[in-house]
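Reading through the structure tokens given below for one structure.
The values are calculated or read from the model by the stated rules, or taken from the named source; none is laboratory data. Since the model is a prediction, treat every value here as computed from it, not as a measurement. Reconstructed Cβ throughout: ideal geometry from the backbone, glycine too, with neighbour counts over all protein chains shown.
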Amino acid sequence: MSAEATEHAALGRRRGLPRIDLHNIRRFGRSALLGPASRDRLPDAIEHIAKVHRGHHPGAELDVLRQAYVLAESSHRGQTRKSGEPYITHPLAVTLILAELGAETTTLTASLLHDTVEDTDVTLDQVREQFGEEVRYLVDGVTKLEKVDYGAAAEPETFRKMLVATGNDVRVMSIKLADRLHNMRTLGVMRPEKQARIAKVTRDVLIPLAERLGVQALKTELEDLAFAILHPEEYLRTRELVHDHAGRPDPLAKVAEEVRAVLHEAGIAAEVAVRPRHFVSVHRVRVKRGELTGLDLGRLLVLVAENADCYAVLGELHTCFTPVIAEFKDFIAVPKFNLYQSLHTAVAGPDGRVAEVLIRTHQMHRVAEAGVVALGNPYAPGAGDPGAAPDGERTDPTRPGWLSRLLDWQRATPDPDAFWSSLRDDLAQDREITVFRADGGTLGLPAGASCVDAAYAQHGEAAHACIGARVNGRLASLGTVLRDGDTLQLLMAREAAASGPSPQWLDHARTPAARIAITRWLAAHPAPADGPAAAGPAPDRPVSAGPAGADRREPGAITDLPGAPVRLAGCCTPVPPDEVTGFAVRGGAVTVHRAECPAGARMAAAGRRQVGVRWRTRDTDPVAADYRVTLCAEAFSRPHLLADLTEAIAAEGAAVVSAAVEPPYEQRVRHTYTLQLPDAGRLQQLIRAMRRVPGVYDVTRSGRHTAPAGG
């Protein structure tokens, strides 16, 4: 075993993680060479595994493990690893890793046999006959994973096959992760270039999957091992930093004593331990903070019995120490997508030095370390209770919601390269935010996600009908980036067919679910040859249509200057029964403005002569018809919006004299229409009809102050 591997083992023992040291590996090898023991007792090689397993499952049936070992040992006899050790040492090491995590008996049985079908004459039928269909299924799944070629050119398609192989039972992936961990520990016997290739795939694919399965104990060691191979200089610098502090008094130990005293005085039964950071975590903190102190090399872990005790501990710490509020996170009330629950906080002592603290129950700690492995047998009664899972995702304990979504994506995306690209982006997201839905639920999204991502996370492909959003009660564009703790209300079209995503949505979509769904919809709904009617014209300036500047006789005004030509102002387009005011202009004409028109106010302030004006009525003057009005429609950009608005206008009997469509800004657009009305009394009815068009959130009269489309 290399010095690095020995060091990782020492670090792991401090953290209480499963390890197989050189002594155990050689002991397994000697036992394997001596052959199986008699049927009345367990072989020496798996006695330790059985002891660890019984520690988690006191009533476990061990005879099936003995049978699995006998078959595995006899099948692999004569085979050796590249290190020269008997091959049986590998399945034994993998099984011990899983036993330390608390895996149930079926998983351990399949783990002992996981290489037999691939590397020996044992068949799946033999496995089924001796151990049952469940073990056969798991062994078959792991065997398929072993056939996956992780070469760069093969990545997209082979990973799709990998998902299919594991999608129905996450225990297959658990065995694969333990298998990769043991292989990474013994990677030193391979050529450097092969070490780098395996470490890269481990970093890019398997570590993120371990994170999503919640198996932190495997994830953290895999991170350190890959870090040492792919970034040797940074690794050595981090290792030296940890070694420099190892010989000094641990300041966290002093803080831990103070915390124990505080909790003891408060009558709260709790275990307080110092939890050292693994090397990658230390490296990340160093990059973020620069110079590190001993307090930065670990965190305090407080374990209690009940959920309520977690909050009691939090209250005492925030009372007796100075809390760093920005560091507080409640993953108990809002668990992470991978089952993780804990309270995170940081407190400062009298000297101002800050220590980070994790507070959780013993059961939360087990799940935090082992993730889905801690669920036990997912087919046992009551296992994987969906009520204990975040966001109702885990309706099937063997298939978390995120894995179901991955399978849906790979089925929906015919291009393996596109799927792989989206998946890699998703797996690379190592931070998550929680958004509160207006209906009381929550959404877990990657940092940087937008309202578009939230729409597809909540509604799936029904999000095609999303026309807008309110974030924290305020109207927001669909491109708005959400922050942790935001409250979100998604606005949906009444009829899904009336709306659909625009290509601009892809600019705001970060999650594969959103990008794949949008891409599929756009492919199925190609824009017409003359461009998308949805988003309207997209030149760099507004466009107009119709005889906006044509001379016309303005009906319906009576002034105090008989015979004077009357013009209704185009800036505010007054119509009955608007309150109006008139001004004498050049040529003896009178221009009529709405009373609140800013242009009219400026004319009055400038001393322009005001003229009394009033509206004629239809009863006294048949000319009181055909009024013109300018309306501004504020809407979310979408296909066919212009057509739908003009259709609504026509249905109300109004004619479009001119129209101007501003370029979309942050998925919002403004349409300005000058309309000719046969009856001014139908204006409000027309405005209501335009507001009912999907995507339109406001219609106002020209002259009233409105924010620009981007504001």
- Note on the structure: Among residues of segment 319-346 being of a type outside the set (A, V, I, L, M), surrounded by 19 or more Cβ atoms within 10 Å (Cβ to Cβ) and farther than 18 Å from VAL435 by Cβ, the residue nearest to the chain's Cα centre (by Cα) is GLN341
- Just checking, which of VAL287, VAL282 is closer than 22 Å to ALA246 by Cα and free of Cβ contacts under 8 Å to residues at least 40 places away in the same chain? VAL287
- Please state which one of GLU129, GLU134, GLU157 is at pLDDT below 60 and either aliphatic (A, V, I, L, M) or part of a helix (DSSP H, G or I) (or both). GLU157
- Message: So, in segment 646-659, how many residues would count as being farther than 11 Å from ALA633 by Cβ and either among the aliphatic types (A, V, I, L, M) or not in a strand (DSSP E or B) (or both)?
- Response: 9
- Item | Residues located in segment 55-80, provided they are within 41 Å of the chain's Cα centre (by Cα) and exposed (fewer than 15 other Cβ atoms within 10 Å of the Cβ) | GLY55, PRO58, GLY59, GLU61
- Task: From THR672, THR700, THR706, grab the single residue that is modelled with pLDDT under 80 and among the polar types (S, T, N, Q).
- Result: THR706
- When segment 61-89 is examined, which residues are found to be assigned to a helix (DSSP H, G or I) and of a type outside the set (A, V, I, L, M, F, W, C)? ASP63, ARG66, GLN67, TYR69, GLU73, SER74, SER75, HIS76, THR89
- Task: Starting from residues that are of a type outside the set (A, V, I, L, M) and either buried (at least 16 other Cβ atoms within 10 Å of the Cβ) or not assigned by TED's automatic domain parsing to the domain that holds HIS76 (or both), keep the ones in segment 120-129 and report whichever is nearest to GLU73 (Cα to Cα).
- Result: THR120
- Exception for THR238 within (1) β-branched (Val, Ile, Thr); (2) assigned by TED's automatic domain parsing to the domain that holds VAL347; (3) modelled with pLDDT under 95 falls at (2)
- Query: Among the residues of segment 561-579 satisfying the criterion of being of a type in the set (D, E, K, R) and assigned to a loop (DSSP other than H, G, I, E, B), which is nearest to ALA595 (Cα to Cα)?
  - Reply: GLU579
- Task: From the list LEU209, LEU222, pick out the single residue that is within 24 Å of the chain's Cα centre (by Cα) and at pLDDT 90 or above.
- Result: LEU222
- Task: Looking only at segment 235-256, count how many residues are among the charged types (D, E, K, R), over 24 Å from VAL189 (Cβ atoms) and under 33 Å from the mean Cα position of the chain (by Cα).
- Result: 1
- Cβ-Cβ below 7 Å, separation at least six or inter-chain, first residue in segment 630-653 and closer than 16 Å to VAL669 by Cβ, second among the acidic types (Asp, Glu): which pairs? GLU634/ASP698
- Can we say VAL272 is touching a Leu at 6+ places or on another chain (Cβ under 7 Å), closer than 17 Å to CYS310 by Cβ, among the β-branched types (Val, Ile, Thr) and outside any helix (DSSP H, G or I)? yes
- If you take the residues of segment 499-537 that are small (Gly, Ala, Ser) and in contact with a His (Cβ under 8 Å, 6 or more places away or on another chain), which of them is modelled with the lowest pLDDT? GLY536
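Which one of these is among the hydrophobic types (A, V, I, L, M, F, W, C) and more than 15 Å from ARG668 (Cα to Cα): ALA454, ALA476?
ALA454
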- From the list LEU209, LEU263, which one is surrounded by 15 or more Cβ atoms within 10 Å (Cβ to Cβ), part of a helix (DSSP H, G or I) and assigned by TED's automatic domain parsing to the domain that holds ARG366? LEU263
